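Have a look at the structure below before the remarks.
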Amino acid sequence: FFFQAEDGIRDSVASRGLGDVYKRQTLAVEMFFFLGGFLTTLVLIRAFLKPENRNVKNLLLIYFHRYIRLLPMVLLSLCFVIFIQPTLYDGPHNSVSAMTKDDCLTQWPYLLLYINNYITKFGKSCIVWTWYLFIDMQLFVIMPIIVWIYLTSKKIGVFLICGLCFASYIIQMALCWYYKLNLSSARDISTASYLDITYNKPYCRMIPYMLGALLCLLYEEGKSSTGKILVLKKAIQSSHFIRYVDYAIGTALIIITILSFYYLDEYPENWGLAFGVFHMISVAPLFTIGLILLVYPVLLTGGKFCFRLSATAYLTLQVSQPMAAIYGTYLACT
């Protein structure tokens with residue numbers, strides 16, 4: 001709504017300081033990738049834990065299962081957009097429905113192969129809001145291999161994940177610098193160059209996903225480790241002070257990444273291209289690190305601190321459990 005609203009409405013919201021929150025709604029997608037990386041790694045570790053399960057047959061079955069599980073909903077959405085949605089539109093936005101139908105009639109093979117983000121431009125993509133599903137699927141393709149390597153050699157596996165995060169950071173920096181994608185590009189989400197070059201490409205969005213995978217490895221390793229990880233685990237579990245410091249730093253990082261755009265985003269010309277590029281490519285990693293600092297102590301302690309918060313306590317009520325189960329199933333399946 002915010003990005004499709006009239007300029008007057010958008011400017012009015014932004015002038016009240018709420019624009020930064022709306023503009024950074026894209027960070028919700030980083031949270032999705034973070035959860036996807038964590039859950040995918042958790043499932044794959046358990047699937048490949050026994051050495052006899054690490055073979056090409058099981059690897060192909062994992063890919064097949066993933067594709068088949070998503071296929072029915074993708075086909076249903078595709079049929080809805082092509083056959084049903086055009087009959088529901090009548091008015092000034094009818095041309096939008098017709099355009100979407102035409103796009104899907106020509107792009108459906110790319111959609112079913114999850115490569116549409118490479119073939120078409122962002123604004124002309126069939127079922128454009130599924131771009132994040134393409135990225136999630138493309139990142140999933142490399143995860144079984146990474147987990148396999150990790151279970152064979154933990155040091156090499158961790159080094160590989162860290163290397164991918166570093167490579168993604170450098171690629172984003174190079175692309176943003178070459179195409180001069182500064183804060184103004186991120187502010188205007190309709191900027192085609194920003195969306196097509198970095199926004200919907202897995203090599204530019206993999207850092208939250210890989211950090212989620214690293215958190216999963218840290219959590220699983222803490223169950224049986226006898227080294228530094230076990231010391232860290234016991235320190236967090238036994239010390240209220242350490243947990244509260246984690247919560248405070250994590251919350252601060254999340255708030256800073258959201259609200260730092262007030263001056264930086266409104267007046268990008270005052271900061272220069274170099275700082276603008278640095279800010280753009282650092283927001284997602286900092287936001288994800290904030291999530292890790294919040295989530296990891298909760299995983300180790302069962303959420304004792306969060307349970308005391310009224311909002312979290314409300315989610316434990318029986319009336320909200322069905323909704324929580326549905327949403328959890330959605331996260332696990334996607």
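Go ahead and run the numbers for FRET between THR87 and THR301, Cβ-Cβ distance against an R0 of 56 Å, rounding to 0.05.
Computed FRET efficiency for THR87 and THR301: 0.60.
Kirkwood hydrodynamic radius, region 122-162, all distinct C-alpha pairs: what's the number in Å?
Computed over Cα pairs of region 122-162, the Kirkwood hydrodynamic radius comes out at 11.8 Å.
Give the accessible area for LYS180 in Å² (nearest 10); use a 1.4 Å probe, count only protein heavy atoms, and leave out ligands, DNA and RNA.
130 Å²
What FRET efficiency, computed as 1/(1 + (r/R0)^6) with R0 = 22 Å and r the Cβ-Cβ distance, is obtained for HIS65 and CYS162, rounded to the nearest 0.05?
Values: r = 28 Å, r/R0 = 1.28.
In this case the efficiency is close to 0.20.
Between SER193 and SER260, 0.36 nm times their residue separation minus their Cα-Cα distance comes to what? Intermediate results must be reported in sequence, preceding the final value.
Working: separation 67, 0.36 × 67 = 24.12 nm, distance 2.32 nm.
The span from SER193 to SER260 would gain 21.8 nm if fully extended.
Please give the FRET efficiency for ALA274 paired with LEU49, using the beta carbon to beta carbon distance and R0 = 51 Å, rounded to the nearest 0.05.
0.65
How high is the relative contact order of region 29-155, given as a whole-number percent (alpha carbon pairs under 8 Å, six or more residues apart)?
32 percent
Here is the link list: LYS101/LYS201; LYS121/LYS201; LYS101/LYS124; LYS154/LYS234. Which ones come out longer than 19 Å on Cα distance?
Pairs exceeding 19 Å: LYS101/LYS201; LYS154/LYS234.
Relative contact order of region 104-150, please, whole-number percent, based on alpha carbon pairs below 8 angstrom and at least 6 residues apart.
Taking the mean separation of contacting Cα pairs over the length of region 104-150, I get 33 percent.
Roughly how many Å² of TRP108 are accessible to a 1.4 Å probe, to the nearest 10?
Around 120 Å² of this residue is reachable by solvent.
What is the packing order of peptides 28-35, 250-257, taking the mean over residues of other C-beta atoms within 10 Å and listing the highest first? The partial results should precede the final answer.
Numbers: 28-35: 18.9, 250-257: 16.5.
Going by the mean number of other Cβ atoms within 10 Å, highest first, we get 28-35, 250-257.
So, taking all protein chains as they sit and a 1.4 Å probe, how much accessible area belongs to TYR199, in Å² rounded to tens?
Spelled out: TYR199, probe radius 1.4 Å, area about 20 Å².
Can you work out the Karplus-derived ³J(HN,Hα) for every residue in region 79-85? Use 6.51 cos²θ - 1.76 cosθ + 1.60 with θ = phi - 60°, whole Hz, and x for glycine or proline.
5, 4, 5, 7, 9, 9, 4
The values are calculated or read from the model by the stated rules, or taken from the named source; none is laboratory data. Because the structure is a prediction, the values reported are computed rather than measured. Neighbour counts are summed over all protein chains in view; Cβ atoms, including those assigned to glycine, are modelled from backbone coordinates with ideal geometry. Surface accessibility is based on the protein's heavy atoms, side chains included, excluding ligands, DNA and RNA. Shrake-Rupley method; radii C 1.70, N 1.55, O 1.52, S 1.80 Å.
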